[in-house]
Amino acid sequence: MSDKVLLCSFPKSGSNWVRDCIEYFSGRPTPGSERKLLVREGDPIIDRTHFLDKADRALLRAFGARGCVQSLSPQAQPLRWWLKHVKRELRIRAIVHTRRVLLLVRNPFDLYVRVRASRPEALSGFASNIAIFDRCRRDKLLVYYEDVVSKTEEIARILDFLGIPYDLTRFDLEAHRQRSLALYAQGPNLPQTGDNPLDYGRRARRLDPARRAALRQFLHARLGSALDACSLARYEAPLQASEGAQP
């Protein structure tokens with residue numbers, strides 16, 4: 001298995017910004033769409049995934065913008081389902097014990113709107129990424145999109161973690177931000193915060209209270225009180241145990 005750092009970020013969490021920073025200072029490419037690359041030649045310096053648990057991809061497709069996708073039924077095809085489950089568990093175990101992981105987290109209420117979720121289950125991968133990252137045994141680093149896009153100190157933390165030499169004294173954060181937005185705009189999905197990329201939470205403000213409460217309960221149930229508090233406290237006060245109980 002690869003010994004490269006694994007960059008993990010739920011879709012629409014801002015991984016392109018992190019990739020641009022890595023490529024700018026390393027001069028090496030990162031995995032992903034070529035339209036979003038600063039560097040196109042050479043061996044990628046990192047590995048990359050949106051889901052540490054690949055089973056969560058189907059839940060995003062089922063309850064996000066792409067509509068409903070039928071999953072494999074354990075009752076209809078028990079052997080195939082069991083083999084798929086074993087393969088999934090072995091992959092997660094390998095990540096936990098062998099991979100160095102860089103986890104990028106963004107406001108889950110923003111993400112809920114951005115992926116056009118119809119139910120909290122669409123963000124199962126968001127919760128799984130945090131839970132599996134918490135179990136990882138090797139070197140790991142948790143960073144937040146809102147910090148990385150606004151603070152050179154956070155960029156330095158990522159570069160230090162990756163072992164990439166850097167000099168931030170001549171690094172123009174705003175110029176790099178605009179360059180990154182221009183790269184992203186080359187694709188089919190235009191940047192939705194291009195006019196003010198530092199206006200965090202603009203999508204979250206469009207989320208009605210009932211959906212917000214349902215997502216809070218879902219994340220609390222999936223992560224538990226301690227992990228919810230330590231990983232997502234910045235976005236909202238953690239739920240009390242009684243609030244997190246399902247009706």
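Summary table
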read-out	value
Test: residue in region 13-24 that is surrounded by fewer than 19 Cβ atoms within 10 Å (Cβ to Cβ), assigned to a helix (DSSP H, G or I) and at pLDDT 90 or above	yes
Qualifying position, being within 18 Å of the chain's Cα centre (by Cα), modelled with pLDDT of 90 or more and closer than 21 Å to residue 151 by Cβ, among 232, 219	232
Selection count where residues are in contact (Cβ under 8 Å) with a residue 40 or more places away in the chain and either aromatic (Phe, Trp, Tyr) or surrounded by fewer than 18 Cβ atoms within 10 Å (Cβ to Cβ) (or both), scope region 122-138	6
Enumeration of residues in region 41-52 that are under 12 Å from the mean Cα position of the chain (by Cα) and closer than 18 Å to residue 90 by Cβ	49, 51, 52
For residue 98: the one exception among (1) hydroxyl-bearing (Ser, Thr, Tyr); (2) surrounded by fewer than 22 Cβ atoms within 10 Å (Cβ to Cβ); (3) under 12 Å from the mean Cα position of the chain (by Cα)	(3)
Region 26-35, subset surrounded by fewer than 19 Cβ atoms within 10 Å (Cβ to Cβ) and over 16 Å from the mean Cα position of the chain (by Cα), residue modelled with the lowest pLDDT	35
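The values are calculated or read from the model by the stated rules, or taken from the named source; none is laboratory data. The structure presented is a predicted model; accordingly, all values stated were derived computationally and were not measured. Please note: Cβ atoms are built from the backbone with ideal geometry, for glycine as well, and neighbour counts cover all protein chains shown.
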